[in-house]
Structures are given as C-alpha cells and as structure tokens.
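See below for the structure under consideration.
The values are calculated or read from the model by the stated rules, or taken from the named source; none is laboratory data. Here the structure is a predicted model, which is why all the values come from computation and not from measurement. Glycine gets a Cβ as well: all are built from the backbone with ideal geometry, and neighbour counts include every protein chain shown. Each accessible area value is taken on the protein alone, full model and side chains, heavy atoms only, with ligands, DNA and RNA left out. Shrake-Rupley method; radii C 1.70, N 1.55, O 1.52, S 1.80 Å.
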Amino acid sequence: MSEQPTQVLVVDDEEPLRNALSHYFHRRGFRVQTASCSVDAMNRLRRGDVSLMLLDVRMPGMSGADLVPEALDADPDLAILMLSGLGDASSAAICMQRGAYDYLTKPIELSDLGAAVDRALRRRDTMLQSRGINTWLQEEVGRKTEELQHEKQRVQQMTIATLEALINVLEEKHDFVSGHSARVAAYSASIAHEMGLADDEVETIRLAGRLHDLGMIGTREAVLFKKGPLTPNEYEHVKQHSIVGSEILAPFTHLGPVAQFVRGHHEHWDGTGYPDGLAGEDIPVGARVICAAEIFDALTSNRPYQDRLGREGAAERLQELAGSVIDPAVTEAFSSSVSRRQTLVFLAEDIKLAPE
C-alpha cells in the first residue's frame, strides 16, 4: 500500500490567501483542507489525519492564539505554523509559547514557506519517532523485567527445593528430628502473622524457619545423634551450625534476610545467646521468632536428653523464658496464636503434628 500524502489544514479568514496556499500545497503533493474560522478548523481537526496546520493569528471569533492550545488538545502531534501580519509578531510569539512550531509574516515568501513547512514536518516526525522509540524501550524494559522476574522466581524455587531436600535428608537420619524444621517453619509463620508483619515478611520468616538447621550438615553425626549430655567441646561444635547455615545461604541473596535469620536464631533477648551475643531488638525479628518456635518444638517433641512436655506446659515454659531468652513480644504473639489454635490448625493442614 502506497503512503498517503501529508494532509495540511489552512486556517485564514481571507479567501484569496486560503486559495493561494491551497494551490501551493496541492502543487507540492499535499492533501489540503481549508477553514475560515476556528469552529470550522476544530471540526476538521477532530476528524483526524491532519499533520500540519497553517493558522492566522488574527481571525474573527476565537483568535489564533486561543485556538492553538485547543487544537493541541485535540491532536497533541499537530504541527502548527502561525501566519501573522507585520504588527502581530508579539502575538505570534505567544502562540509559539503555547505550542506552535514557528510563524511566518505576511506577505509570505514561498521559499520561506517551503523551508518552514519542511522544518515543522521534520520536527513532528522526529517527535513521533522518539515517542515510538520510547514506547518500544518501555515495552522492552517491561518484557525483560518480567522475564528476569520469572527467572528469579524459578531460580529461587529451585534453590529452596534443593535446600529443603538437604534438610529432609538430615532429618531422615534420626526419628527425633523428623519434621522438626517443617514444624518450626509453621510455628514461625503463625507467630509472624500474629505480630502483624507483612505477608512477604511472614513468608521469609517461614522459609528461614524451614532452613534454620541447614548448618547441621556440618555437624559430626556422632555429636548430632549422641544420646546423653554433650561435652563442652561437643557443645561448641554444635553451636557452629548457625554460622555454617548462614554461610551456606549467604550467596543466595535473592532469598533476602533468610541467612541473617538463620545465623541469629540462637541469640537470646538478654544477650547470652550465640554466635554474636546480640541482645534485644539488635537481633533480627525473624531470628527472634524462630528462636521461640524452635524452643516450643523442642519442648513438645521427644528428645534423647529430655521428656516431652504437653503444649500447655511448653507454653508456660516460654512465658518463663520471656525477657531473658525470648523476646516478650514474640512470646505474647505465640501465646495468642496458640490460644486461638491458629498454629495447630496450620500444622494439621500442612504437616504431621508432633505426637501427644
């Protein structure tokens, strides 16, 4: 399909000038429309397809200066050239401030008219091309961003699945830790929700709870599964698991603060925990939550070194630890959650409960 010729609208109340300009543009291969007043001009502009308008500054009714912004509202891409008498230069300048491209002084020299028309149309084409390029760039950026987001989600899912597989292998080696990480994750999510944290924070804390013992893969099995109390050296060895876990997770920056939460889940509110001796709110909130969740699960699970407590007894023990080992706000949130059975419902839906 051949390209349609450029359409020009000539707006002037002087019929001889309209006819002369119409003849000039026809000879140059343009399609031409004419209008004698602002009302007629706006009706023609609203039909579309006009690329260039020659507009007289002085007209009956609405002046050219007032018509410029209205015309650009109808078609922001319209190129406007003003036609002014010798005494209308200041009015023409006002028109240009309002969006006209240029102005020509009557009587019009055809060479000046041709050059002004060419400049205006080139400027319009450049603006349209720039807009098209910007639109394309925005679409490309949006598409690439979406692709990167999908890839990030895919990598994150693969990472989590791999890490959870390591946790499962570790827990399957001994019955007493089976399901521990899943329960801690569920308790942690319930506490975080009760504390009013945002959904993404709740999910990050849940994930950190699932991976909090990842560093145990660096713990000697003879120590990890020892029946009976640990020696001081063995205890120091076990304490390294929070550091090892955080170091394993550190390269996975797309997991957010999960590594920090894993490192700090044995820090105590009073500063007596490990590995960094953090206290109070210097301990990341996710680590404080997981600390309480892990203690609760340890108290309500069968372990070689202690008898299992019922949930009420474990909740009472958490209250005793509030302000020393556990953040009091976390304890309160956990108690509220358990009292409404949110945690137990969550666990019953998603994982096997610790035996009564």
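Identify all residues within segment 272-284 that are over 18 Å from Q240 (Cα atoms) and either part of a loop (DSSP other than H, G, I, E, B) or open to solvent by less than 40 Å² (accessible area, probe 1.4 Å) (or both); write none if there are none.
Filtering segment 272-284 for residues over 18 Å from Q240 (Cα atoms) gives 279-282, 284.
Passing the criteria: A279, G280, P284.
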Seminar exercise, completed: Residue set I217, I205, I167, I191; condition out of contact with any Ser or Thr (no Cβ under 7 Å at 6 or more places or on another chain) and of a type in the set (A, V, I, L, M); output residue I217
Exercise. What number of residues within segment 228-245 satisfy the criterion of being assigned to a helix (DSSP H, G or I), of a type outside the set (A, V, I, L, M, F, W, C) and open to solvent by less than 70 Å² (accessible area, probe 1.4 Å)?
Worked result: 6
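Please tell me if S178 is modelled with pLDDT of 75 or more, out of contact with any strand residue (DSSP E or B) (no Cβ under 7 Å at 6 or more places or on another chain) and surrounded by 14 or more Cβ atoms within 10 Å (Cβ to Cβ).
Numbers: modelled with pLDDT of 75 or more: no; out of contact with any strand residue (DSSP E or B) (no Cβ under 7 Å at 6 or more places or on another chain): yes; surrounded by 14 or more Cβ atoms within 10 Å (Cβ to Cβ): yes.
Answer is no for this residue.
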Exercise. Does F225 satisfy the criteria of being open to solvent by less than 40 Å² (accessible area, probe 1.4 Å), at pLDDT below 95 and of a type outside the set (G, A, S)?
Worked result: yes
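Can you tell me which of I295, I248 is at pLDDT 85 or above and either surrounded by fewer than 18 Cβ atoms within 10 Å (Cβ to Cβ) or under 26 Å from G196 (Cα atoms) (or both)?
Working: I248 fails: either surrounded by fewer than 18 Cβ atoms within 10 Å (Cβ to Cβ) or under 26 Å from G196 (Cα atoms) (or both).
Exactly one residue qualifies, and that residue is I295.
Any residue at all in segment 168-178 that's more than 20 Å from H254 (Cβ to Cβ), touching a Gly at 6+ places or on another chain (Cβ under 8 Å) and in a helix (DSSP H, G or I)?
Our first condition is that a residue be more than 20 Å from H254 (Cβ to Cβ); within segment 168-178, this holds for 168-178.
Going one step further and asking which of them are touching a Gly at 6+ places or on another chain (Cβ under 8 Å), we end up with 171.
Then keep just the ones that are in a helix (DSSP H, G or I); that gives 171.
Looking for residues that are more than 20 Å from H254 (Cβ to Cβ), touching a Gly at 6+ places or on another chain (Cβ under 8 Å) and in a helix (DSSP H, G or I), one finds at least one in segment 168-178, hence yes.
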Exercise. For segment 18-40, does any single residue satisfy the condition of being on the phi > 0 side of the Ramachandran plot, more than 47 Å from the chain's Cα centre (by Cα) and open to solvent by less than 60 Å² (accessible area, probe 1.4 Å)?
Worked result: yes
Exercise. Can you tell me which residue in segment 136-162 is nearest to D213 (Cα to Cα), limited to those that are touching a residue at least 24 places away in the same chain (Cβ under 8 Å) and not hydroxyl-bearing (S, T, Y)?
Worked result: I160
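Considering only residues that are among the acidic types (D, E), in contact with a helix residue (DSSP H, G or I) (Cβ under 8 Å, 6 or more places away or on another chain) and surrounded by fewer than 22 Cβ atoms within 10 Å (Cβ to Cβ), which ones fall in segment 41-66?
So the first thing to find is which residues in segment 41-66 are among the acidic types (D, E), and the list is 49, 56, 66.
From what's left, in contact with a helix residue (DSSP H, G or I) (Cβ under 8 Å, 6 or more places away or on another chain): 56, 66.
Across segment 41-66, the qualifying residue is only D66.
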Seminar exercise, completed: Residue hits (segment 86-137; modelled with pLDDT under 85, under 42 Å from the mean Cα position of the chain (by Cα), surrounded by 13 or more Cβ atoms within 10 Å (Cβ to Cβ) and aromatic (F, W, Y)) are none
Seminar exercise, completed: Given (1) open to solvent by less than 60 Å² (accessible area, probe 1.4 Å); (2) in a helix (DSSP H, G or I); (3) not aromatic (F, W, Y), D77 misses just (2)
Problem set entry | Every residue from segment 209-222 that is open to solvent by 30 Å² or more (accessible area, probe 1.4 Å) and either among the β-branched types (V, I, T) or without any contact (Cβ under 8 Å) to a residue 24 or more places away in the chain (or both) | I217, R220, A222
Exercise. Which residue out of D282, D327 is without any contact (Cβ under 8 Å) to a residue 12 or more places away in the chain and under 33 Å from the mean Cα position of the chain (by Cα)?
Worked result: D282
Exercise. Can you name every residue in segment 191-208 that is open to solvent by less than 10 Å² (accessible area, probe 1.4 Å) and over 25 Å from the mean Cα position of the chain (by Cα)?
Worked result: I191
